[in-house]
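Down below is the structure, laid out as structure tokens.
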Amino acid sequence: MDEQTRKLLEECSIGCKMAVNSLNQVEDYIRDSNLKKLVENYISRHKGLEAETVKILQNAGNDAKDPAVLSSAFAWFTTEMKLTFNDDNTRIAKLLMDGCNMGIKTLGERMNTLNQADGSAQALARKIIKAEQDLMKELQAFL
């Protein structure tokens, strides 16, 4: 596996893990059954994409990377602070949409800088971006 492909797949893995962590974190604050179902669906979808990424990396003799500890801690703390004082559906939807947007931008940028990555890695990155776009679209109903 070439370096650009490995790096793009590692970024896909990190992005999926960050998404699952964020979705799991807000799930505790959700009281609306429809929003809860939506979040559970996307937890499952991101876990599936993460598993797909890890399998490709492992088959090539590489390990998946974890998100940076500082970034994860900051994201967790920020979310906790925002939801402690206001945990309504609108606030949760906005937080998740912000996370989706960040994921789309980060992965899109990495796809552009790692444009020599093989087609399967590029396709997987596009699937993850599509999942983020789909989630953002579905969250609009809760604004």
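Read-outs throughout are calculated quantities, based only on the coordinates presented, and are distinct from any laboratory measurement. Since the structure is predicted, the reported quantities are computational estimates derived from the model, not experimental observations. Using ideal geometry, Cβ is built from the backbone for each residue, glycine included, and neighbour counts are taken over all protein chains shown.
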So how far apart, in nm, are the two label points at residue 32 and residue 109 if each is 7 Å from Cα heading toward Cβ? 3.0 nm
Given points 7 Å out from each Cα along the Cα-Cβ axis, report the residue 59 to residue 118 separation in nanometres with one decimal. 0.8 nm
Charges on Cβ only, +1 for Lys and Arg, -1 for Asp and Glu, centred on the Cα centroid of segment 1-58; of 15, 57, 30, which one is farthest towards the dipole's positive end? 30
In a Debye calculation with equal point scatterers on the alpha-carbon sites of the chain and no solvent, what is log10 I(q)/I(0) at q = 0.13, 0.15, 0.18, 0.19 Å⁻¹? -0.55, -0.72, -0.98, -1.07
Rounding to the nearest 20 debye, state how big the charge dipole of segment 3-142 is about its Cα centre with +1 on each Lys and Arg Cβ and -1 on each Asp and Glu Cβ. 240 debye
